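Single-structure report; data block below.
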Amino acid sequence: MTIADAEPAAAPVPSQSTYQSRVADYWNAEENPVNLELGKIDDLYHHHYGIGDVDWSVLDPADSTASASAERQERVTAELHRLEQAQADLLASHLGPLTPADRVLDAGCGRGGGSVVAHLRYGCHADGVTISRKQADFAAAQARKRHIDDKVRYHHLNMLDTGFPAGAYAASWNNESTMYVELDLLFAEHARLLRRGGRYVTITGCYNDAYGRASREVSLINAHYICDIHPRSEYFRAMARHRLVPVHVEDLTAAAVPYWELRKRADHLVTGIEETFLAAYGNGSFQYLLIAADRV
Ligand SMILES: C[S@@+](CC[C@H](N)C(=O)[O-])C[C@H]1O[C@@H](n2cnc3c(N)ncnc32)[C@H](O)[C@@H]1O
């Protein structure tokens with residue numbers, strides 16, 4: 001029998017499953033003003049939430065004219081962006097110390113803001129990976145616009161299987177992107193990529209084991225974003241299985257609530273999920289957590 005010398009069927013890279021293709025479709029189609037309008041302020045595009053106290057004076061009505069209303073919207077947009085930036089800065093502060101020679105990995109990088117924040121803080125090289133081709137292209141264009149594309153690069157890749165060299169990274173993170181993947185597969189790839197003594201950081205929503213199982217609100221958030229929020233316990237179990245030893249754990253739940261309270265009032269930016277987040281945080285079923293871990 002002659003075996004045809006045809007090429008093996010091309011692997012569906014970077015998507016590995018139908019689910020991951022649907023996630024990519026979601027992010028390729030995503031054009032929410034809450035992401036784009038905030039990012040336009042300083043070209044730092046984040047797809048995560050914010051932390052810290054709100055300056056409620058942004059809601060003060062000057063008068064009822066159209067221009068006053070537009071100014072109020074602008075103030076609210078800027079305030080939400082400030083809180084999102086504070087979240088990105090907090091995450092970046094746990095990556096260091098790093099030098100300009102170091103390389104960091106932004107796993108599930110969205111439109112790329114987090115990689116830029118890390119580069120501006122440490123001068124380091126950054127690789128952002130996203131399963132969305134559109135996001136990778138958008139982020140790369142932003143890096144070129146800033147003239148940092150020699151050090152900050154974006155890749156249309158699956159973060160579970162990047163193909164990047166083992167031990168090449170001094171730090172890596174997931175900012176609100178762990179709920180799209182199995183933690184064992186994710187942490188195996190981070191442990192492979194991080195050098196010994198490297199730092200892994202995640203900020204994530206997780207469901208609270210002490211509440212029980214996933215609440216109705218957590219299930220609604222899963223349905224809204226096509227994701228699968230993990231329980232808090234699973235982070236620590238999976239890290240322990242993959243040589244990631246927590247060094248700092250911070251419950252950011254209380255710090256996250258003001259952002260949602262303001263966003264709920266931002267008629268020009270709401271996506272419809274605001275009340276669900278507030279209910280999930282309020283009933284104790286959902287938590288916003290930062291975990292920093294050392295790769296041993
Ligand atoms: C909520 S956004 C967060 C984006 C970014 N980390 C930020 O904070 O702005 C989730 C991101 O995870 C990415 N993502 C989901 N599954 C992925 C996978 N398997 N590989 C790479 N990226 C993935 C999506 O493409 C999206 O960019």
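Here are a few things to note about the model shown:
- Of all residues in the range 68-92, those being open to solvent by less than 70 Å² (accessible area, probe 1.4 Å) and either more than 16 Å from the ligand (Cβ to nearest atom) or on the phi > 0 side of the Ramachandran plot (or both) number 7.
- Of the residues making up the range 132-180, those that are out of contact with any Cys (no Cβ under 7 Å at 6 or more places or on another chain), open to solvent by less than 30 Å² (accessible area, probe 1.4 Å) and aliphatic (A, V, I, L, M) are A136, A140, A143, I148, V152, M159, L160, A170, A171.
- The set of residues in the range 243-296 being hydrophobic (A, V, I, L, M, F, W, C), open to solvent by 50 Å² or more (accessible area, probe 1.4 Å) and free of Cβ contacts under 8 Å to residues at least 24 places away in the same chain consists of A254 alone.
- Verdict on G108 being touching a Ser or Thr at 6+ places or on another chain (Cβ under 7 Å), within 11 Å of the ligand (Cβ to nearest atom) and open to solvent by 10 Å² or more (accessible area, probe 1.4 Å): yes
- Looking across the range 20-36 at every residue that is more than 9 Å from the ligand (Cβ to nearest atom) and either open to solvent by less than 20 Å² (accessible area, probe 1.4 Å) or modelled with pLDDT of 80 or more (or both), the one that is farthest from L83 (Cα to Cα) is identified as S21.
- Some residue of the range 135-157 being within 12 Å of the ligand (Cβ to nearest atom), closer than 19 Å to D228 by Cα and touching an Asp or Glu at 6+ places or on another chain (Cβ under 9 Å): no
- Any hit, the range 231-243, residues being touching a strand residue (DSSP E or B) at 6+ places or on another chain (Cβ under 9 Å) and basic (K, R): yes
- Neighbours by Cβ (under 6 Å, 6+ apart or cross-chain): first from the range 18-41, hydroxyl-bearing (S, T, Y); second open to solvent by 60 Å² or more (accessible area, probe 1.4 Å): Y26/I226
- Residue in the range 67-86 that is modelled with pLDDT under 90, assigned to a helix (DSSP H, G or I) and aliphatic (A, V, I, L, M) present: yes
The values are calculated or read from the model by the stated rules, or taken from the named source; none is laboratory data. In this text the structure is predicted, and so the values were computed from the model without any measurement. Because the Cβ atoms are built from the backbone with ideal geometry, glycine has one as well, and the counts that use them run over all protein chains shown. To get the accessible areas, we keep the full protein, side chains included, count just its heavy atoms, and leave off ligands, DNA and RNA. Shrake-Rupley method; radii C 1.70, N 1.55, O 1.52, S 1.80 Å.
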